[in-house]
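For reference, the structure is listed below as structure tokens.
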Amino acid sequence: MRQGVPNRVVAERLNIPRGTVGWWRSEDRKVRGEVHQPPTDCPRCTGRTLDEEAYAYLLGLYLGDGHIVSKRKQHHLSIYCNATQGGLIAAAADAQRRVMPLTSVALRPKPGCVEVQSFTRHWVCMFPQHGPGKKHDRPITLAPWQRTIVDVHPWKLVRGLIHSDGCRITNWTTRVVGGEQKRYEYPRYVFTNKSDDIRALYTDTLDRLGVECTRDGVPFNISVAEKASAALMDLHVGPKY
């Protein structure tokens, strides 16, 4: 065990519960006065190269439908996805693995949704926006290093925000052409979030990308429906599935 053999391997060789091996290892550390430091590949703590595209997308998911639990013996990032959207669930899990490859990722089915969880105490390093209370009740600002990533990968952030708190819908209208009333359909992207700061981050990013957006009658909605802008959103974001 002191040679670094994993608990799972020791348990299989001796045909004993893995928890027993973990207890042995813990007691051995106490005798030797060692403090256990779990291995980590946190880019902020180790200097490891960060997959910035995956991070920008995951940042959007976190700001929309993400939540971090950070307390004694319980540390994880959760992204909540619609249970019917398998593509979104897979994308959320993939982004978590690409940002923190050493962490384990689990899918927890819940009524109407799936919680995509990744376990490490270092998610608070990657998302300094974590704090007590709801996001819309406290300031949300990007750290300088996050801003640099978003400036390089703005579409990934937009995609994450839409995939969490947004949707693509088909609107329709009628026009009279040559004396005949005809129906026309067109795509619309809608983003809804109660946080003024998160909505501002979304609209500021769209402005830099040349995407026109408007506020709907609902106070927290941001809409993209102009033809060229919706086409850009289709190219870089697309509907959830």
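For the chain, the relative contact order works out to 17 percent when only alpha carbon pairs closer than 8 Å and six or more residues apart are counted.
If R0 is 22 Å, what FRET efficiency do you get for Ile169 and Arg208 from their C-beta distance, rounded to 0.05? E between Ile169 and Arg208, to the nearest 0.05, is 0.35.
Looking at the chain only, what percent of DSSP beta bridges run antiparallel? Nearest 5 please.
Values: 38 of 38 bridges.
Of those bridges, close to 100 percent are antiparallel.
Of the labelled figures [x] 58, 43, 31; [y] 89, 37, 30; [z] 97, 49, 27, only one reflects Cα extents along the principal axes in Å as derived from the coordinates, namely [y]. Identify which of Thr148, Thr120, Thr46 has the largest mean-square fluctuation in a Gaussian network model of the chain, with springs joining Cα atoms closer than 10 Å. Maximum fluctuation in the GNM of the chain, among the listed residues, is at Thr46.
Can you give the relative contact order of the range 37-130 as a percent, counting alpha carbon pairs under 8 Å and 6+ residues apart? Write down the numbers at each step before the final one.
On the way: 137 pairs, mean separation 29.9, N = 94.
Value for the range 37-130: 32 percent.
Each of Cys167, Cys45, Cys113 was scored by other Cβ atoms within 10 Å of its Cβ. Arranged with the fewest first, they read Cys45, Cys167, Cys113.
Where Rh is the Kirkwood radius over the Cα pairs of the range 98-241, the temperature 4 °C and the viscosity 1.567 mPa s, what D in µm²/s does Stokes-Einstein return? Intermediate values should be presented prior to the final figure.
Values: Rh = 17.6 Å.
It diffuses with D of about 74 µm²/s by this estimate.
Taking Cβ separations below 4.7 Å as the criterion for a possible disulfide partner, the isolated cysteines in the chain are Cys81, Cys113, Cys125, Cys167, Cys213.
No lab work stands behind these numbers, since they all come straight from the coordinates. Computed from a predicted structure; not experimentally measured. For neighbour counting, all protein chains shown are included, and Cβ atoms are generated from backbone atoms with ideal geometry for every residue, glycine included.
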